[in-house]
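The next block holds one structure in the form of structure tokens; read it before the comments.
Laboratory data are not the source of any read-out in this text; all were calculated from the coordinates shown. A quick note: this is a predicted structure, and the numbers were derived from the prediction, not measured. Counting neighbours? That spans all protein chains shown, and the Cβs are built from the backbone with ideal geometry, glycine included.
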């Protein structure tokens, strides 16, 4: 579903934000993407979603090359950006309708999905109000609904739990599990190792643009016996 | 003092135009700044200097030599006040940095003084040159000694202080005493309306003159001192700097003393009132959420074509954001009313009246001028309303959205340009038709002028989007900042007008000196505009799409 092969991104011709990184996310997998601040996580996600062009390497989403088949690749992605503050002058329902139009969702599908998602995230009463009046958490919930309204095969989520209340956070995690069970791919960045531990089939750890680990949590723990995930992470990223 | 300077420096840096790392863009920005400086600022300053020189000469004979420069400085101060009011409210109370600054162990006067200085500098850079030019005109007309230039420089640097202090005091007092004003949207709407009224006042003043020559301005000043008398009460310091530049040392001392007292009073008020005014205010999002039956809300979800949906989104944001509505939309509605007011106030026997009479009679030269004016005004209004030239800038922190949605960049550019074409073009065409009816113009002539206007608007819209794509100002914390200090808008306006002006000059030379008929020239203008449209469209297709792709989000 996601193929990220030998990708490099250099800023200002000097700073290697991502250095020849390769990984793959298959259908049915939930993959956690973690690393210290400034390790290249956001740069990687921006390249995956077509926001940033890579300097070298190949990126494929759902079989489509992000450079050559940009529109098809982007249509396959449900992306939640790190900031939910966009188009705040629109009402929640106007924003969702606009996004559904962008992703060409049929009338029936959008009504069904918006109803279902808004109820799961307890946002039904707020949708007819301008997003300007929403709290940060409500905006984040709306972004989650918008990212999922076209039922994309690939979810790419940048710190999706930020600002969500415990119930919404739980709902999102449940939805990630349900989505992966249907054979889709979920790729999300996080700093919360407990979330990665409980949710992910696989973790990818990155530091200073270099891939440190790509594999299952069981495998990682077996390499570092009697250590907590937190200790393993600190040991890997500090040395 | 060091803390104050550091604070001012940080505040100015935080609203500066985004500094792109790419050498190509730096060269572009430098080149554009030079074009604006040499092509607009210097000629405008030179023109101002000449006008003040001529008026001062005329008024000297009538015994009121200081009145021309005084009125000019009052006018400049009025502009500082008009444009400063909105800026001061936003900088003091609604900018995103307020939430970070308030928890710092700083006294209110320290915050307000730094914010005031930063706003003063960034708002008045362009004004400095014009004030100096006006002073130069006065110095030359009066034959004043060389040290008068020092006073002129002092005036240039300090003139905006008192109008901005007035803005600051109004903001402090209203935010302290009233709850109504504690809303960003309301402030933007109110200051926008106030700006319109002040511009209307200037138009009414202009309407009293028989034409726009320096003689009639001189006559207007000499015959009626009431405006100057009122302004002297509101801005008492100006008469002292005017006498100071003529050699009155006491005048300079009093001028400085008035400025110092005004700043001290302002900072004392800030110490007393700022915290109470700023704590607990909300941005624009203080509207209560309406509870609507969810099933009805969901029924509103209907499929639309992607382009139409994107187009609607752009229009809704333009219309619902007061800063955009006042600066980008209202301007299209206001200018013809102002122009008509000038015409109506002057009566049918003056310049505009004579021109339209010639036009109604089918005068070829008047027809040619009308068509060229329609083209020029279309380009001017389309670039001045900045709908196109801030279309990418307005995306701000969510610029990435343009890049991750499955809509190709050229489609998005077409939609953004279409919004500008609709709002600017519709306005222009409606006004051309109204002019046609009012002055009983030939139907074909009106249709042709509408087409010329439309092509001018299309050209300026695509060119505006292209210009904005080169280096969009994506870092801003409120919508006013997206437009304020955005040089793309200014560069686009300068280049678009320059291109159309070159066309008009060539056509006029061909008409006057070579004897080319007006029909040929009008068709020639149409062809040239179609070519311009094609070039700007291609620039968008080949360059702007690449610029968007390469711009970091």
Which log10 I(q)/I(0) values, to two decimals, does region A:86-151 give at q = 0.13, 0.28 Å⁻¹ under the Debye formula with one point per Cα? -0.28, -1.34
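Could you work out the relative contact order of chain A, using alpha carbon pairs under 8 angstrom and six or more residues apart, expressed as a whole percent?
29
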Would you mind pulling out the separation of the Cα centroids of region B:518-534 and region B:135-201, in Å? 43
Under the definition of partner shielding as Cβ atoms of other protein chains within 10 Å of a residue Cβ, what is the mean value for peptide A:91-98? 5
Using r as the Cβ-Cβ distance of residue A:108 and residue B:408, and R0 as 25 Å, what FRET efficiency do you calculate, to the nearest 0.05? 0.40
In peptide A:142-152, how many Cβ atoms from other protein chains are near each Cβ within 10 Å, on average? 0
Determine the calculated [θ] at 222 nm for chain A from helices alone, applying -39500 (n - 2.57) to every DSSP H run no shorter than 4 residues and normalising by the residue count; nearest 500 deg cm²/dmol. -11500 deg cm²/dmol
If we count other beta carbons within 10 Å of each Cβ, what is the order of B:467, B:402, fewest first? B:402, B:467
What is the Cα centroid distance between region A:150-199 and region B:320-343, reported in whole angstrom? 48
Going highest first, how would you order A:58-65, B:425-432 by mean Cβ packing within 10 Å? B:425-432, A:58-65
Compute the FRET efficiency between residue A:210 and residue B:204 as 1/(1 + (r/R0)^6), taking r as their Cβ-Cβ distance and R0 = 56 Å, and round to the nearest 0.05. 0.20
The rounded separation in angstrom of the Cα centers of region B:472-505 and region A:45-81 is 33
Once you have the Cα-Cα distance between residue B:248 and residue B:438, take 0.36 nm times their residue separation minus that, and quote the gain in nm to one decimal. 63.0 nm
Place the peptides B:197-204, B:459-466, B:414-421 in order of packing, highest mean first, counting for every residue the other Cβ atoms within 10 Å and averaging per peptide. B:459-466, B:414-421, B:197-204
Among B:294, A:33, which comes first, second and so on when ranked by fewest other beta-carbon atoms within 10 Å? B:294, A:33
Once both label points are put 7 Å beyond Cα along the C-beta direction, the residue B:422-residue A:116 separation in nm becomes 3.3
Please work out the FRET efficiency for the pair residue B:261 and residue B:121, using the Cβ-Cβ distance as r and a Förster radius of 25 Å; give the result to the nearest 0.05. 0.70
Sorted by average packing, counted as other Cβ atoms within 10 angstrom per residue and highest first, what order do B:296-305, B:141-150, A:93-102 take? A:93-102, B:296-305, B:141-150
Using a/c under 1.5 as the rounded threshold, could you call region B:18-159 rounded, prolate or oblate? The axes a ≥ b ≥ c are square roots of the C-alpha gyration tensor eigenvalues, and prolate needs a/b larger than b/c, oblate otherwise. oblate
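Compute the length gained on full extension between residue B:307 and residue B:364: take 0.36 nm times their separation in residues and subtract their Cα-Cα distance, giving the result in nm to one decimal.
Length gained, residue B:307 through residue B:364: 16.2 nm.
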Sorted from fewest to most neighbouring beta carbons within 10 Å, what does the list B:484, A:177 look like? A:177, B:484
Using a 10 Å cut-off on Cβ to Cβ distances, tally the other chain neighbours for every residue of A:36-49 and report the average as a whole number. 1
Which residue, A:31, A:105, A:154, has the most motion in a Gaussian network model of chain A that connects Cα atoms within less than 10 Å? A:105
Going by the alpha-carbon gyration tensor, a ≥ b ≥ c the square roots of its eigenvalues, is chain B rounded (a/c under 1.5) or, if a/c is not under 1.5, prolate (a/b greater than b/c) versus oblate? oblate
Residue B:319 versus residue A:13: modelled label distance in nm, points set 7 Å from Cα along the beta carbon direction: 4.9
I want to make sure I understand the PRE zone here: with the label point 7 angstrom from the Cα of residue B:189 toward its beta carbon, which residues in region B:312-338 have backbone N atoms less than 13 Å away? B:320-323, B:325-326
What nm distance separates the two modelled labels at residue B:46 and residue B:275, each placed 7 Å from Cα along Cα→Cβ? 5.5
